[in-house]
Amino acid sequence: MNSSPNRRTPTGSGVNYRNAEVERILETLHADVAILGAGGAGLRAAIALAQESPALRIALVSKVYPMRSHTCAAEGGAAGVIKGDDSLEHHFNDTVGGGDWLCDQDAVDYLVREAPRELIQLEHWGCPWSREPDGSVAVRPFGGMKKQRTWFAADKSGFHILHTLFQTSLQFPSIERYDEYYATDLIVDDGRCRGFTAIEMRSGQMKCFLARAVIIASGGAGRMFPFTTNGAIKTGDGMALAYRAGVPLKDMEFVQYHPTGLPNTGTLLTEACRGEGGVLLNRHGRRFLQDYGMGPETPLGKAVLKTMELGPRDRVSQAFWHDQRKGNMVGTQWGDCMLLDMRHLGEKKIDERLPLVRDMAISYLGVDPVTDPVPVRPVVHYMMGGIDTDIRAATPLPGLFAAGECACVSINGANRLGSNSLTELLVFGRRAALSALEFLDSSPAAGNAGVLAARAGEAQARLRELFGRSGETETVAGLRRELTTTMEEHAGIYRSGEGLAEACATLADLRRRYRSVTLHDKTNVYNTDLLQALELGCMLDCAEAVTASALARRESRGAHQRLDFTERDDANFLRHSLACYRGDEAPAIDYRDVVITRSPPGVRDYSGEQK
Ligand SMILES: Cc1cc2nc3c(=O)[nH]c(=O)nc-3n(C[C@H](O)[C@H](O)[C@H](O)COP(=O)(O)OP(=O)(O)OC[C@H]3O[C@@H](n4cnc5c(N)ncnc54)[C@H](O)[C@@H]3O)c2cc1C
């Protein structure tokens, strides 16, 4: 069902939105709150808005059908304290330590407090969480989590969560969906965000969404790397839109590598493989993580939560890098790999807990985990950084809120713990909705019609200019290849000042050449050539924010490891980086203190030794 907005009867909130001047330029669609993105965070925000204030008009805008959002691909599960000897304090400590003390601790407190309520809410909306034999919700171990607290639905957790949210959203007529609309520019007037422009893909027409508040929930930007678990839609669009509108991108240098991707496709084999007891071997059959501060070795299949394969992702990926340099990895046609061995779990457990993993390993690699170890290697997975928001999910631009992977609130600090992201989408998706409501209560309705019309006109003119170019030599595919290779070469698991400086220079050059990109397809209907050109522009902006922030951070912390500054430097860098847009120039990097409430920076210990 593509619920065309124009066919639905809006539930009016009584505010008169008509803006004749904008409508003269572009077809205009009006809402109280417009949400950019219909993945987990966007849908959760939309439901919260509709529940809290049924008379609101909510526009939910997405470049893909909601169920195709990346949340659908999440496998392992969502963290929330529920049982055993776990506590909110444990979840807090694991998250803050896992993030190498770069998390804002007030935000982490909010996350862990709200998490159980959100996960139970999903249960009530129909999410089929996996169960223990006694009928209680099952939880599994996850990397860096020292207690079992990851709720899961086999290894299709994201699919079930997204489906639950999507079907729940259908109950609310006030949520007007605009599927397959590509947002291009935020509209800012008088220091406030008033909406955005978007291309309706099936007609190629640009439309203007005017709203009293905007929530960006547009997901991550992993596609700026060539080898990634991320779906093709994760091109950092929302991050780039906010950045160009003057909102800083925070902590962008922290890019997460997941240790276990299939070496040929980058497809993720979830951390739940290790949570359920799978082990990582080098070519000598050694569980090598014990050689990198994640020992001692534990019996096969017995997950001891602090150690070995359940170390945090940054540490496990870095251990791979070191062991690879010692020549200990297994050479394959796709490069060096380690082996993920799950054979000892047995067919019954693998089929019950990891059916998708088995399917994918067989389909993509021809390896059955029941009978053989699976070659895997680290793969770009997640952006810890993103649009600067406060604990209320508000950005510094009034009227603009952000939640989910595109936002940096920040609960993930320098390294996200697996299974905290799905929880974050729910908790901060709802929080963004509540903050937007508070904002609506306090804000006047209309902007300056002339200024809004001018902004919409500018967005349309930029699109026309791109369409009108001819005879230029630069192609989207060519520039994208140079971008992704540069990122892999210089902004990977380990970085150096020299490499990052080279990356910054290359990206500046690519940004200049991007102005000469020519479209081959000049038609209107589902013009993917056009969309990919726009996505490339977004990735270039995000990539510059990553490399400039990484060059300026002269320390090693979490997922940001510098070969030339190998130690964590709390005296100078216990601070968030803020990449600020400067048009044709490289971003300016500013800093803000981390919020520390009760956990002073300490040593990250995953050795499993009793202290
Ligand atoms: C393979 C994989 C497995 C994962 N497993 C787990 C896990 O087990 N546990 C966990 O906690 N986390 C996991 N993660 C991370 C987590 O799934 C993501 O961080 C999260 O789902 C992102 O959700 P989101 O709502 O922020 O964005 P998405 O689900 O990515 O949705 C983004 C939305 O924005 C829309 N959009 C983007 N740009 C535009 C534009 N220009 N115009 C209009 N619409 C736009 C898209 O159409 C989409 O609807 C996994 C990630 C991957 C890739």
| request: Collect residues whose amide H, placed 1.01 Å from N in the peptide plane, falls under 5 Å from the amide H of Val379; neighbours closer than 5 in sequence don't count. | output: His258, Thr260, Gly261
| note | antiparallel share of DSSP beta bridges within the stretch 304-443, to nearest 5, in %, is 80 percent
| field | Surface/4 estimate of mean projected area, convex hull on alpha-carbon atoms of the stretch 151-305, nm² | value | 13.8 nm²
| When the convex hull of the C-alpha atoms of the chain is computed, what volume per residue in Å³ does it have? | 145 Å³
| How large is the helix-only mean residue ellipticity at 222 nm for the chain, computed as the sum of -39500 (n - 2.57) over DSSP H runs with n ≥ 4, divided by its residue count, in deg cm²/dmol to the nearest 500? | -10500 deg cm²/dmol
| query | In the P(r) worked out for the stretch 260-381, what percent of Cα pairs fall beyond 23 Å? | reply | 22 percent
| task | Using only Cα atoms, tell me the angle between helix 528-552 and the longest principal axis of the chain; keep it within 0 to 90° and round to the nearest 10. | result | 60 degrees
| query | Got a sec? Which residues in the stretch 353-385 would a label at Thr332 touch, if it sits 7 Å along Cα→Cβ and we count backbone N under 16 Å? | reply | 357-380
| Taking Lys326 as the anchor, which aspartates and glutamates have their alpha carbon closer than 18 Å to its alpha carbon, excluding any fewer than eight residues away along the same chain? | Asp291, Asp336
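Can you figure out the FRET efficiency of Asp190 with Arg462, using R₀ = 25 Å and their beta-carbon distance, to the nearest 0.05?
Computed FRET efficiency for Asp190 and Arg462 comes out at 0.70.
Read-outs: derived from the displayed coordinates by stated rules, not from any lab. Quick caveat: nothing in here was measured; it's all calculated off a predicted structure. Using ideal geometry, Cβ is built from the backbone for each residue, glycine included, and neighbour counts are taken over all protein chains shown.
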